[in-house]
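Every number in this text was worked out from the coordinates using simple rules, so none of it is lab data. Fair warning: this is a prediction, and the values are worked out from it, not measured in the lab. Cβ placement follows ideal geometry from the backbone for every residue including glycine, while neighbour counts extend to all protein chains displayed.
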Amino acid sequence: MASLEAVRLSKRYGDRVAVDDLSFVAEQGDILGLLGPNGAGKTTTIRLLTTILRPTSGSFRVAGMDGDDPAGIRRRIGVLPESSGYPNRQTGAEYLRYSARLFGRDRAGAAQIADRLLADVGLSDRAGSRISTYSRGMRQRLGIARALVNDPAVVFLDEPTLGLDPAGQLEVLTTIRQIALHRGATVVLSTHTLTEVEQLCNSLLILHHGRVRAAGTVEDVIATAGRRIGSTRLSDAFLSLTNEERP
Ligand SMILES: Nc1ncnc2c1ncn2[C@@H]1O[C@H](COP(=O)(O)OP(=O)(O)OP(=O)(O)O)[C@@H](O)[C@H]1O
Ligand SMILES: [Mg+2]
């Protein structure tokens, strides 16, 4: 069974259509890249699938749970939202322990999970520092650790490498790869960094004005668009698929 499935999913805000008739499938262990220009509908798609927003129409399933069971879905997913606040006065370890407790872990279990996740995202040495002293990259990695406290089957990461330096990006990408590989989780990753998609994702969804412009493996998308425009670069494929003059 697919670990993620959207069927004709749409979200409107008044006259504005943020997500338009979106259908796609992702399998367990997939790393799905969600691409599209600013305003394409990536964050709205993630909010729909994580049950923060209700769709205007259409249906979806996440980790075996139907979209009309938000509580069931939330138990099985992890989310790094587009912009998330952190309790600055807490330490990274306190924050993760607290998050694990919210998912029903006892004190000892929560401490164990926090320690393991801090090590997984390379923050063990700063576990006892207040979050207010963390750099942006450290916060992003803490946010990814937070998304993993409930051992989720599907992880949604909305621009996880935004604003990170090259070393920070690499660390986050390595962490994401491990999530898919070692945990067998499905990862949905929204990003504007095409090289990230080429390095990491085995499948790809390009949105434009809320609609799917291309879907499939990275190779397929490049080959299909590339044949038309005579290029083998993802950046050319992306631009040709999201160019207003060449729809
Ligand atoms: N709460 C809202 N009310 C009204 N319109 C909204 C709301 N949230 C998003 N939209 C609109 O929905 C469309 C899709 O927005 P969304 O945030 O999903 O794009 P995105 O692909 O995540 O963009 P970015 O790359 O800038 O993060 C945009 O036209 C946006 O203005
Ligand atoms: Mg967004």
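Before we move on, is GLY36 surrounded by fewer than 20 Cβ atoms within 10 Å (Cβ to Cβ) and within 27 Å of ALA214 (Cα to Cα)? Against the criterion (surrounded by fewer than 20 Cβ atoms within 10 Å (Cβ to Cβ) and within 27 Å of ALA214 (Cα to Cα)), GLY36 does not qualify.
Just one of the numbered conditions (1) away from ligand 1 (no atom under 16 Å from the Cβ); (2) touching a strand residue (DSSP E or B) at 6+ places or on another chain (Cβ under 9 Å) is not true of ALA40: (1). For SER10, state whether it is within 16 Å of ligand 1 (Cβ to nearest atom), more than 18 Å from the chain's Cα centre (by Cα), surrounded by fewer than 22 Cβ atoms within 10 Å (Cβ to Cβ) and touching a residue at least 24 places away in the same chain (Cβ under 8 Å). So SER10 fits the description; yes.
For the condition free of Cβ contacts under 8 Å to residues at least 60 places away in the same chain, surrounded by fewer than 23 Cβ atoms within 10 Å (Cβ to Cβ), among the hydroxyl-bearing types (Ser, Thr, Tyr) and within 16 Å of ligand 1 (Cβ to nearest atom), THR175 does not qualify. Does LEU123 meet the test of being surrounded by 17 or more Cβ atoms within 10 Å (Cβ to Cβ), of a type outside the set (Val, Ile, Thr), under 27 Å from HIS192 (Cβ atoms) and within 16 Å of ligand 2 (Cβ to nearest atom)? So LEU123 does not fit the description; no.
Scanning the stretch 144-163 for residues that are within 23 Å of GLY39 (Cα to Cα) and either buried (at least 22 other Cβ atoms within 10 Å of the Cβ) or within 15 Å of the chain's Cα centre (by Cα) (or both) yields VAL155, PHE156, LEU157, ASP158, GLU159, PRO160, THR161, LEU162. Scanning the stretch 1-33 for residues that are in a loop (DSSP other than H, G, I, E, B) and not hydroxyl-bearing (Ser, Thr, Tyr) yields MET1, ALA2, GLY14, ASP15, GLU27, GLN28, GLY29, ASP30.
Is it true that ILE73 is away from ligand 2 (no atom under 16 Å from the Cβ), within 21 Å of PRO160 (Cβ to Cβ), in contact with a strand residue (DSSP E or B) (Cβ under 9 Å, 6 or more places away or on another chain) and not in a loop (DSSP other than H, G, I, E, B)? In short, yes. For the stretch 43-59, residues that are outside any loop (DSSP other than H, G, I, E, B), out of contact with any Ser or Thr (no Cβ under 8 Å at 6 or more places or on another chain) and more than 9 Å from ligand 1 (Cβ to nearest atom) total 3.
Pairing residues of the stretch 154-165 that are closer than 15 Å to ILE179 by Cα and within 13 Å of ligand 1 (Cβ to nearest atom) with residues that are part of a strand (DSSP E or B) and of a type in the set (A, V, I, L, M, F, W, C), at Cβ distances under 6 Å and at least 6 apart in sequence or on separate chains, gives PHE156/VAL79; PHE156/VAL188; LEU157/LEU80; LEU157/LEU189; PRO160/LEU80. Of the residues screened, LEU189 is one that is within 16 Å of ligand 2 (Cβ to nearest atom), of a type in the set (A, V, I, L, M) and surrounded by 19 or more Cβ atoms within 10 Å (Cβ to Cβ).
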